[in-house]
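So the structure is just underneath, and the comments pick up after that.
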Amino acid sequence: MKVKGDTLFALALFAVFSFGTYQSLVMEDPAGGPHDVGAAFFPFWVCVFIQVLTVTVFVQTLGRGPAEAEDGMPVRRRVLLLAGILVLLFAYIVVMETVGFVASSTAFMVLVHQLLVFSGTGKVSPPKALGVSVLFFAVTSGALFFIFNTVFSLALP
């Protein structure tokens, strides 16, 4: 039986987020008060959610036949896509403290979206679509900032 790349990727992600789940369980939990859920609450549930999604992807890839598994994207393009996302993620982490959450998150999501569009089509989005995606991701980042900063009272950069 030939193992598909998506299957291995799902297993690798499952392993990474299993480690994240473990780390959030053993994390020192500096709770702010008797009714505070603590710092490990969100990381734990995000990791569990992603683990469920990776198991779903793993099961789906096992059920596909060889004709369905081929999406036409060359391996070289997949590797470049992965490398590009990792570089953007590193840049996002580096600049978030100086630029701020909303601006850096918007830029990160727009650039990842453009990278995905380019890897799939070989072209970048036209200006109108790019403007719509910038607006959408800016609103999304602003909403996340509002939710975490105001509703959950968590400080974001």
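With the simple model of a label 7 Å out from the Cα in the direction of the Cβ, VAL139 to ALA91 spans 2.6 nm. Given a Förster radius of 22 Å and the C-beta distance between LEU116 and VAL52 as r, what FRET efficiency does 1/(1 + (r/R0)^6) yield to the nearest 0.05? According to the calculation, E is roughly 0.45.
At a 10 Å Cβ-Cβ cut-off, how would you order PHE136, PHE49, fewest neighbours first?
Values: PHE136 14, PHE49 11.
Listing PHE136, PHE49 from fewest to most nearby Cβ atoms yields PHE49, PHE136.
Rounded to the nearest 0.05, what FRET efficiency do ALA155 and ARG76 have when you use their Cβ-Cβ distance and R0 = 30 Å? Given R0 = 30 Å and the Cβ-Cβ separation, E is 0.10. Short-range pairs are left out: with C-alpha atoms under 8 Å and at least six residues apart, the relative contact order of region 73-157 is 32 percent.
Each reported figure results from applying straightforward, stated rules to the coordinates on display, with no laboratory input. Because the structure is predicted, anything quoted here is derived from the model rather than measured. Glycine gets a Cβ as well: all are built from the backbone with ideal geometry, and neighbour counts include every protein chain shown.
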